[in-house]
1. If you wrap a convex hull around the alpha carbons of the range C:25-140, what volume per residue comes out, as a whole number of Å³?
2. Just to compare against my own numbers: the Cα pair-distance distribution for the range A:20-68, 5 Å bins, whole % per bin, please.
3. How big is the C-alpha Rg of the range B:1-151 next to the rule-of-thumb value 2.2 N^0.38 Å, as a ratio?
4. Can you give me the three principal axis dimensions of the range B:102-158 from its C-alpha atoms, in Å, biggest first?
5. What Cys residues in the protein assembly as shown are without a partner cysteine, judged by a Cβ distance under 4.7 Å?
6. Mind checking the dipole of the range B:83-213: about its Cα centre, +1 per Lys or Arg Cβ, -1 per Asp or Glu Cβ, Debye to the nearest 20?
7. In units of 2.2 N^0.38 Å, what is the alpha-carbon radius of gyration of the range B:36-100?
8. Hull surface divided by four, with the convex hull built on the Cα atoms of chain C: how many nm²?
Amino acid sequence: EFRFGPCRVEGVALPGLWEAFRTVKDAVQVQDNNTSIRLLRCEVLQNVSDSESCHLVHDLLKFYLNTVFKHYYPKIAESNTQPSFSTLANNFVFIVSKLQSSQAGEMPPDKDRARRRFLLFKRAFKQLEIQAALTKAFGEVDILLTWMGKFYQL
Amino acid sequence: HMAEDSPGLLQHVKFQSSNFENILTWDSKPESIPGTVYSVDYKTYGKPEWLAKAGCQRITRKSCNLTVETGNFTEFYYARVTAISSEGWSATKMTERFHPQQHTTIKPPDVTCVPKVRSIQMIVHPTLTPMYNADGHQLTLEEVFQDLFYHLELHVNHTYQMHLEGKQREYEFSDLTPDTEFLGSIVISVPTRLKESAPYVCRVKTLPDRTWT
Amino acid sequence: DGGEALPAPQNLSVHSANMKHLLMWSPVVLPRETVYYSVEYQGEYESLYTSHIWIPSKWCSPIEDAECDVSDDITATVPYNLRVRAILGSQTSAWSILEQPFNRNSTILTPPGMEVSRNGFHLVIELEDLGPQFEFLVVYWRRELDTKEHAKVLRRGGIPVHLETMEPGAPYCVKAQAQVKAIGRNSAFSQAECVEVQGEALPL
């Protein structure tokens with residue numbers, strides 16, 4: 001299960017998400033020609049406290065669902081990797097739904113810090129041309145899963 | 001990618017990694033094109049600069065050890081090779097994004113199997129990686145993968161198995177029959193990464209019971 | 001072929017046990033014809049964000065039977081829409097959609113089948129192999145006055161595994177429960193099974 005500070009999410013198998021992303025990874029990352037820019041930089045994900053982590057993962061996953069996955073989908077359809085994409089997207093939907101229900105007792109300072117980290121990511125995303133940004137963000141799901149893995153316990 | 005003059009000059013540029021020994025390898029078609037030299041660059045994903053790998057400039061072999069240069073297991077890297085043939089043809093190819101923690105394969109553990117009269121002790125030795133933390137401490141696999149654990153099986157005359165598993169290094173299968181052969185199999189497992197090493201296998205015989213002789 | 005529309009499959013339902021999800025429907029029967037079917041699915045993501053998108057089922061696009069194992073399609077613990085249509089040559093029927101979306105956390109988890117035996121003084125158990133998503137909690141005890149339960153987690157079934165070394169004089173009992181982390185649920189415990197070892201205690 002995931003334990004993002006106070007938020008616990010049972011019913012997701014992280015290995016399954018890795019397996020799903022591995023199927024699409026190479027096809028996506030090879031389209032990202034700009035190897036000098038990284039959206040999920042260290043300033044976004046490093047030294048995130050437990051209490052911040054729930055807010056940050058919620059914001060990031062919502063962004064991926066509402067923006068990245070939604071607008072990147074046509075390329076997925078072309079590359080015939082819909083089942084793997086569907087696995088990732090539906091597990092993100094599940095995680096977000098569980099996070100929302102357990103975000104009681106929010107601590108403003110943590111929420112603000114998490115918000116600032118998320119805005120760093122979003123600003124970097126907005127600075128790129130939209131297709132390049134979508135491709136880069138989708139290609140960085142392994143960076144996101146690596147970070148989420150720190151809060152995962154078997 | 002630089003303009004490609006001769007596609008056969010350079011192929012399959014990729015990392016081969018096991019226990020964080022990260023070796024860049026490539027091919028050419030045909031197998032060898034006399035006089036061709038290769039130069040290697042590498043970069044951290046998100047950083048602007050490509051860095052030349054000293055020791056792998058204008059080399060003729062088709063591999064280059066980038067273990068040190070890709071030694072931060074939390075980072076993501078790229079490498080690229082430029083090939084130049086004696087007739088002036090050139091080609092440059094880049095690897096896929098390489099993340100040591102995700103891509104490295106795990107070798108079998110190093111284990112000592114110690115037979116006794118009615119038990120077999122198994123001591124798993126730590127697997128050192130070629131990586132160091134900020135204090136200069138050499139990291140073990142256990143320190144890199146937090147959910148790493150050992151899974152040990154003892155096969156008893158092909159009919160059943162005894163299982164032990166955990167994060168500790170010493171295990172003992174007890175209540176065994178003296179003077180009997182057993183097959184031990186020990187793997188390193190990192191479940192969240194879907195990683196499992198090939199098994200270390202030891203065939204070992206419990207000692208004869210001389211208490212009543 | 002009087003140009004009549006090919007009838008759509010009816011009575012869709014899902015039977016799910018131990019994470020094996022079977023979509024079933026009433027077959028479309030046409031004399032001297034072989035009717036095929038095509039199954040598609042849509043998770044909560046697709047229905048929320050790209051509702052026009054349906055994904056062909058891994059094993060049933062097309063299929064001849066009037067049932068489809070959608071276990072490999074249902075890979076998240078969210079509601080899934082499922083639909084099926086009939087195919088006859090170039091003709092296809094309308095889609096029939098499962099009335100209630102299916103969520104894998106509704107799967108029926110049965111106590112695992114197990115075989116308890118002894119090999120010399122060793123208590124051995126073999127559990128039913130239910131696939132990679134299953135682990136098992138095995139509880140065992142020596143049936144006497146102060147019964148102390150022991151527990152062990154086995155990561156897979158299908159192989160006989162040693163639990164304990166027994167001493168004569170009292171039976172040893174075992175029960176087991178299936179655990180599915182992917183949905184965070186467990187089955188009930190199986191009935192306890194006991195075995196006893198005869199004769200003298202193990203020489204020290």
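1. 153
2. Using 5 Å bins, I get a P(r) of 4, 15, 17, 24, 23, 12, 4, 0 for the range A:20-68.
3. Numbers: Rg = 19.6 Å, N = 151, 2.2 N^0.38 = 14.8 Å.
Ratio of Rg to 2.2 N^0.38 Å for the range B:1-151: 1.32.
4. Computed over the Cα atoms, the extents are 47, 23, 16 Å.
5. A:Cys42
6. Details: 12 positive and 16 negative charges, 30 e Å.
Using Cβ point charges on Lys, Arg, Asp and Glu, the range B:83-213 gives about 140 debye.
7. For the range B:36-100, the normalised Cα radius of gyration is 1.14.
8. Mean projected area of the Cα convex hull: 15.9 nm².
Bear in mind these aren't lab numbers, they're just calculated from the coordinates by the rules spelled out. All of these numbers come straight from a predicted model, not from anything done at the bench. Backbone-built Cβ (ideal geometry, glycine too); neighbour counts: all protein chains shown.
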